[in-house]
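Worksheet for the structure shown next.
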Amino acid sequence: VNDAVIGFADDITLGDLGELLEDNTPVLRVLVDEPPEDPMYLRGVSMDHFDGSQWKRTAGEREFDQGDMPSDAVTVELLAEPGTQGVLFTIGQVWDIHIGEGRVWQDFDANWFVDGPAGAKRYSLTTRLTAQRQEPFVDKRWLQVDESVSDDLRVFAREVVGDARTATEKIDRIHSWLRQNASYTRAPRDTASEAPVETFLFQKQEGHCEYFASALALLLRIEGVPTRV
């Protein structure tokens with residue numbers, strides 16, 4: 001069991017960490033000339049495949065052609081500190097990315113990366129901060145449920161969502177259950193169980209953010225709601 005600091009990772013494995021340690025080292029710096037009034041949510045990387053204990057990204061590289069730049073596009077300057085493993089954090093609806101060194105590319109899940117030397121990355125986005133990015137399709141990968149998922153978890157998902165029918169209703173029901181019944185801790189004391197999500201939901205009911213995100217995503221997938229972490 002290894003200790004780890006709170007921070008960013010490009011994959012998630014449940015149960016293989018001890019206590020998450022406090023670390024005040026910056027991960028990302030952002031400069032926006034005219035930030036919008038609404039909160040700005042930065043996107044790191046999404047993962048789509050869950051094997052029962054680990055989330056991974058499986059989306060392949062895609063050609064990027066956003067079309068003509070809109071009149072309300074702005075430039076956002078970013079500095080990603082070492083440790084972000086080639087992931088380019090983005091915000092809003094991205095039209096272009098400029099970086100001094102390395103090849104920039106995007107995958108089918110709209111994650112952005114750069115191939116090049118390790119270390120800090122300074123780059124700029126041309127983006128629409130107020131735009132709601134729309135998925136062009138729903139990929140079957142976002143509904144994948146590993147065969148190791150038990151019937152008990154499937155029954156539990158149905159009980160939690162109850163008579164909810166829409167995706168929004170199901171999200172709200174599961175979200176409410178987690179808020180009311182599980183608690184956050186940086187030391188989940190999970191000894192790499194074979195079914196860490198079920199251990200979290202049925203036994204421990206405490207964990208750090210990766211447990212909450214994984215439980216929410218897996219329960220939603222069981223209920224037919226396309227989800228990524």
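Within the stretch 8-107, which strands (runs of 3 or more DSSP E) (wholly inside it) include 1 or more residues that are in contact with a strand residue (DSSP E or B) (Cβ under 9 Å, 6 or more places away or on another chain), modelled with pLDDT of 85 or more and open to solvent by less than 50 Å² (accessible area, probe 1.4 Å)? Before the answer, list the steps.
Values: elements: 17-21, 28-32, 54-56, 74-80, 93-99, 103-107.
Counting at least 1 such residues, we get 28-32, 54-56, 74-80, 93-99, 103-107.
I'd like to know if the stretch 181-189 contains one or more residues that are among the charged types (D, E, K, R) and outside any loop (DSSP other than H, G, I, E, B). The answer is no, given that none of the residues of the stretch 181-189 is among the charged types (D, E, K, R) and outside any loop (DSSP other than H, G, I, E, B). In the stretch 53-63 there is at least one residue matching the filter, namely being in contact with a Pro (Cβ under 8 Å, 6 or more places away or on another chain) and closer than 23 Å to D109 by Cβ.
Is it true that R122 is open to solvent by 30 Å² or more (accessible area, probe 1.4 Å), modelled with pLDDT of 90 or more, farther than 25 Å from G60 by Cβ and in contact with a Leu (Cβ under 7 Å, 6 or more places away or on another chain)? Before the answer, list the steps.
Working: open to solvent by 30 Å² or more (accessible area, probe 1.4 Å): yes; modelled with pLDDT of 90 or more: yes; farther than 25 Å from G60 by Cβ: yes; in contact with a Leu (Cβ under 7 Å, 6 or more places away or on another chain): yes.
Taking the combined requirement at face value, the residue satisfies it.
Looking only at residues of the stretch 152-176 that are closer than 24 Å to T13 by Cβ and open to solvent by less than 80 Å² (accessible area, probe 1.4 Å), we find that the one that is nearest to the chain's Cα centre (by Cα) is I174. Being at pLDDT 90 or above and in contact with an Asp or Glu (Cβ under 6 Å, 6 or more places away or on another chain) holds for only one residue in L153, L143, and it is L153. Looking only at the stretch 181-201, decide whether some residue is open to solvent by 60 Å² or more (accessible area, probe 1.4 Å) and farther than 20 Å from L20 by Cβ. Yes, the conditions are met somewhere in the stretch 181-201.
Considering only residues that are touching a helix residue (DSSP H, G or I) at 6+ places or on another chain (Cβ under 6 Å) and aliphatic (A, V, I, L, M), which ones fall in the stretch 11-69?
Scanning the stretch 11-69 gives I12, L14.
The values are calculated or read from the model by the stated rules, or taken from the named source; none is laboratory data. As the structure is a computational prediction, the values presented were derived from the model and not from experiment. Note: ideal-geometry Cβ built from the backbone for every residue, glycine included; neighbour counts use all protein chains shown. Protein only, heavy atoms only, side chains kept; ligands, DNA and RNA dropped before computing areas. Shrake-Rupley method; radii C 1.70, N 1.55, O 1.52, S 1.80 Å.
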